[in-house]
Amino acid sequence: MKNRRSRRYDVIAVPTGLALAPMVAAMRLPLLAAEAGTVGKLASETGLAVTEKIEAAAEGIVAAQWSLFSSALSFWPDVFSGKTPAMLSGAAVERSMQAALAPASRRVSANYRRLSKR
C-alpha cells in the first residue's frame, strides 16, 4: 500500500525561493534609497523591482489558470477510469497555487543570486 503522504501535494515544495524574499528586500533597500534622488525615468534597480513583480504576477495568474484548466479537462477521464478527480479532491487547487507561486519563487531566487554578488 502506498504511503498516503506521498500522494499529497506539498504547497511548501515549490515556493522555497520565497523564503529568501526578506533577505532580497534587505539587500535591495540600500540600492533603492541610493536611486531615490534620480529625477526622470526610473532608475535601473527601481524599474527592475517594479517590472519583475508585474511580470511574475502575470505569469503566476496564467500558470494558475492553465493548471485549473488542465485539471478540468482531466475530470471526466479520471471519473471514467475510477480515480478521484483532482477538481473534487482539492489537488487541483494545490497544483494551481504551486503554479501561481513558482514564477515569483524563481524571481526571488534569481534576485538573491544577483544581489549577493554585489
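Of the residues making up the range 67-98, those that are assigned to a helix (DSSP H, G or I) and free of Cβ contacts under 8 Å to residues at least 40 places away in the same chain number 21. Of all residues in the range 69-113, those being surrounded by 13 or more Cβ atoms within 10 Å (Cβ to Cβ) and either aromatic (Phe, Trp, Tyr) or closer than 30 Å to LEU48 by Cα (or both) number 20.
Here is a yes/no grid of residues against (1) polar (S, T, N, Q); (2) more than 30 Å from ALA25 (Cβ to Cβ); (3) modelled with pLDDT under 90; (4) assigned to a loop (DSSP other than H, G, I, E, B):
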residue: THR46; (1), (2), (3), (4): yes, no, yes, no
residue: ILE54; (1), (2), (3), (4): no, no, no, no
residue: GLN65; (1), (2), (3), (4): yes, no, no, no
residue: LEU101; (1), (2), (3), (4): no, no, no, no
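Given the structure, is VAL62 surrounded by 12 or more Cβ atoms within 10 Å (Cβ to Cβ), free of Cβ contacts under 8 Å to residues at least 12 places away in the same chain and more than 13 Å from the chain's Cα centre (by Cα)? Judged against the criteria, VAL62 is not a match.
The values are calculated or read from the model by the stated rules, or taken from the named source; none is laboratory data. This structure is a prediction, so every number in the text was calculated from the model and none was measured. Positions of Cβ are generated from backbone atoms using ideal geometry, with glycine treated the same way; all protein chains shown enter the neighbour counts.
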